[in-house]
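Below: the structure, in structure tokens.
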Amino acid sequence: MPVASFEEHLSREIIHSERMRMAILAGLLGALIVFFSLMYALFREDYRQIVSSHKAYASAGSLFALLLCYELGIRHLIGRWLRRGRGVPSALRYLNAFVETSVPSILIVLVGREINPVYVLQSAASLLYGVFIVLSTLRLDFRLCAFTGLVAAAEYVALSFAYLGGGGGAAAGTPFERPPFYLGKGAMLLLAGLAAGFVAHQLKRRVGNAYRSLEERQRIVNAFGQQVSPAIVEELLKAGPDIASTRTFVCVMFMDIRNFTPLVEKKSPEEIVAFQNLVFAEAADVVNRNHGLINQFLGDGFMATFGAPLATGRDCGNALAAARELVAGIQGLSEAGRLPPITIGVGLHAGEAVSGNIGSAQRKQYSITGNVVILASRIEQLNKDYGSQILVSSEVLAAAGEQAGVPEALGPVHVKGRAEPIELYRLA
């Protein structure tokens, strides 16, 4: 998926997050209406000592109800825009943030008509600013979060100055009338908005990083196939995004299931696939364990490479170990009754090849090209002539050193398509 497409998708997810935020806020408002109604019913006499008129409670309830309807209405409108493939105008997002954050200020003004404003400014009403700031994180936009904190701070300081700045009243002679008191609270609200913005920015950045990491992993899997080992994926991720074509020394393995056609001619397609999957699962485990890469499955066999895209310095030794483990593993599956009695043929050859991505810009695949590939395939086919299971060239043994063991020399052997004979050895 292109980066632009990801950005579009992320923008839609942010809008979904905005709708979720509105749903949460609407739920909280509904809960507040129920909570304060219940509190008033339980502690009516206590409330009457604070304020004798019912207007303050009616005003607060009406304000919460209006905001609830507003949130549900805007949420519905945004949902319609989403279904039509439209985005939310930036101006509307800022306007919505301003309206929501102004609710505690309106509540303070309404209730302050019936109660001493000093009490209202220190009551739960001012704590609502914090609720809106916390929920602004779901907007995943630093500027909107900071704007929310700025509006909350400016409105709280302005109301405090309007009610307390002149002194007198219940605040006279108390710290509440001093500018440092309410300016300090305003600064905390602004700081909370900045902190929420930082959290939102980090969440957005980490989501983007996680997506790009998954995209890079998928690119590698697309290039190398699903059978690539996690260890190779990690190393390739460290190496960078480009898999350039390079000449490198590799050991190529070909494996073939002997008498595959007679084995499966009376089986159903499902049984054939199950048979192949069991063999290839064992092969993939063995090759991965020995730091190789299966380049492609070939119906009744596969091709694997040791030394590309990553070399270990002992690639031919790893290939020999994989060949021996593979023969033993298939034999073990047969003895356990999970596979019919079968034998396999493995051919190994080493030499220089060109490795890298081939294909178009839309679809690339990792490939190994060179005579070493052709010759490894020819060597594997010779297993039929020698009744063997593992045949290797002298180049493999020379590079493997002591890991080669004591192979049986078959002497110079002519291989189809090659003028000069090659030194061939049987390991099993």
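The values are calculated or read from the model by the stated rules, or taken from the named source; none is laboratory data. All figures in this text were calculated on a predicted structure; none of them were measured in a lab. Every residue, glycine as well, gets a Cβ built from its backbone with ideal geometry; the counts of neighbours run over all protein chains shown. Note: areas computed on protein heavy atoms with side chains; ligands, DNA, RNA excluded. Shrake-Rupley method; radii C 1.70, N 1.55, O 1.52, S 1.80 Å.
Can we say residue 377 is at pLDDT 90 or above, of a type in the set (Gly, Ala, Ser) and under 12 Å from residue 349 (Cα atoms)? Full working, then the answer.
On the way: at pLDDT 90 or above: yes; of a type in the set (Gly, Ala, Ser): yes; under 12 Å from residue 349 (Cα atoms): yes.
The answer is yes for residue 377.
Regarding residue 114, is this residue open to solvent by 20 Å² or more (accessible area, probe 1.4 Å) and part of a loop (DSSP other than H, G, I, E, B)?
Criteria met by residue 114.
Which of the residues belonging to segment 395-412 are β-branched (Val, Ile, Thr) and modelled with pLDDT of 90 or more?
Keep residues of segment 395-412 that are β-branched (Val, Ile, Thr), which gives 396, 406.
Of everything in segment 395-412, just one residue is β-branched (Val, Ile, Thr) and modelled with pLDDT of 90 or more, namely 396.
Looking at segment 255-297, which of the residues that are outside any helix (DSSP H, G or I) and either of a type in the set (Lys, Arg) or over 38 Å from the mean Cα position of the chain (by Cα) (or both) is surrounded by the most Cβ atoms within 10 Å (Cβ to Cβ)?
Taking segment 255-297 as the starting set, the residues that turn out to be outside any helix (DSSP H, G or I) are 255-259, 265-268, 290-297.
Next, only the ones that are either of a type in the set (Lys, Arg) or over 38 Å from the mean Cα position of the chain (by Cα) (or both) stay: 257-259, 265-268.
Numbers: 257: 23, 258: 15, 259: 11, 265: 8, 266: 7, 267: 13, 268: 9.
Only one residue tops the list, namely 257.
If you check residue 254 against the conditions, is it touching a helix residue (DSSP H, G or I) at 6+ places or on another chain (Cβ under 6 Å), under 15 Å from residue 345 (Cβ atoms) and not aliphatic (A, V, I, L, M)? Write out each step before concluding.
On the way: touching a helix residue (DSSP H, G or I) at 6+ places or on another chain (Cβ under 6 Å): yes; under 15 Å from residue 345 (Cβ atoms): yes; not aliphatic (A, V, I, L, M): yes.
Yes, satisfied.
Can you name the residue in segment 150-177 that is touching an Asp or Glu at 6+ places or on another chain (Cβ under 7 Å) and surrounded by 15 or more Cβ atoms within 10 Å (Cβ to Cβ) and is also modelled with the lowest pLDDT among such residues?
Let us first name the residues in segment 150-177 that are touching an Asp or Glu at 6+ places or on another chain (Cβ under 7 Å), namely 164, 167, 171.
Those left that are additionally surrounded by 15 or more Cβ atoms within 10 Å (Cβ to Cβ): 164, 171.
On the way: 164: 75, 171: 57.
My answer is 171.
Between a first residue in segment 398-427 that is at positive phi and without any contact (Cβ under 8 Å) to a residue 60 or more places away in the chain and a second residue that is assigned to a loop (DSSP other than H, G, I, E, B) and among the hydroxyl-bearing types (Ser, Thr, Tyr), which pairs have beta carbons less than 8 Å apart while being 6 or more apart in sequence or on different chains?
So the pair list comes out empty.
Condition check: of a type in the set (Asp, Glu), within 30 Å of residue 200 (Cβ to Cβ), at pLDDT 80 or above and assigned to a helix (DSSP H, G or I). Does residue 71 satisfy that?
Values: of a type in the set (Asp, Glu): yes; within 30 Å of residue 200 (Cβ to Cβ): yes; at pLDDT 80 or above: yes; assigned to a helix (DSSP H, G or I): yes.
Considered against the rule, which asks whether it is of a type in the set (Asp, Glu), within 30 Å of residue 200 (Cβ to Cβ), at pLDDT 80 or above and assigned to a helix (DSSP H, G or I), residue 71 comes out as yes.
Take the residues in segment 117-148 that are of a type in the set (Ser, Thr, Tyr) and surrounded by fewer than 20 Cβ atoms within 10 Å (Cβ to Cβ), then tell me which one is farthest from residue 207 (Cα to Cα). First the steps, then the outcome.
So the first thing to find is which residues in segment 117-148 are of a type in the set (Ser, Thr, Tyr), and the list is 119, 123, 126, 129, 136-137, 148.
Now drop any that are not surrounded by fewer than 20 Cβ atoms within 10 Å (Cβ to Cβ), which leaves 119, 123.
Values: 119: 43, 123: 38 Å.
By that ranking, first place goes to 119.
Hey, residue 235 hits all of (1) at pLDDT 60 or above; (2) surrounded by 11 or more Cβ atoms within 10 Å (Cβ to Cβ) but one; which does it fall short on?
The single condition residue 235 does not satisfy is (1).
Quick one: which of 343, 312 is under 34 Å from the mean Cα position of the chain (by Cα) and surrounded by fewer than 19 Cβ atoms within 10 Å (Cβ to Cβ)? Break it down stepwise before answering.
Numbers: 343 fails: under 34 Å from the mean Cα position of the chain (by Cα).
Result: 312 is the single residue among 343, 312 that is under 34 Å from the mean Cα position of the chain (by Cα) and surrounded by fewer than 19 Cβ atoms within 10 Å (Cβ to Cβ).
If I ask for residues that are part of a strand (DSSP E or B) and either closer than 26 Å to residue 248 by Cα or open to solvent by less than 80 Å² (accessible area, probe 1.4 Å) (or both), which ones from segment 371-411 would you list? Steps first, answer last, please.
In the first step, residues of segment 371-411 are kept if they are part of a strand (DSSP E or B); the result is 390-393, 408-411.
390, 391, 392, 393, 409, 410, 411, listed by residue number.
Return the residue satisfying two criteria in turn: it lies in segment 83-111 and is modelled with pLDDT under 80 and open to solvent by 40 Å² or more (accessible area, probe 1.4 Å), and of such residues it is farthest from residue 186 (Cα to Cα).
Top of the filtered list is 85.
Is it fair to say residue 415 is among the β-branched types (Val, Ile, Thr) and modelled with pLDDT under 85?
Numbers: among the β-branched types (Val, Ile, Thr): yes; modelled with pLDDT under 85: yes.
In short, yes.
Would you check if residue 119 is at pLDDT below 80 and among the aromatic types (Phe, Trp, Tyr)?
Working: at pLDDT below 80: yes; among the aromatic types (Phe, Trp, Tyr): yes.
So residue 119 fits the description; yes.
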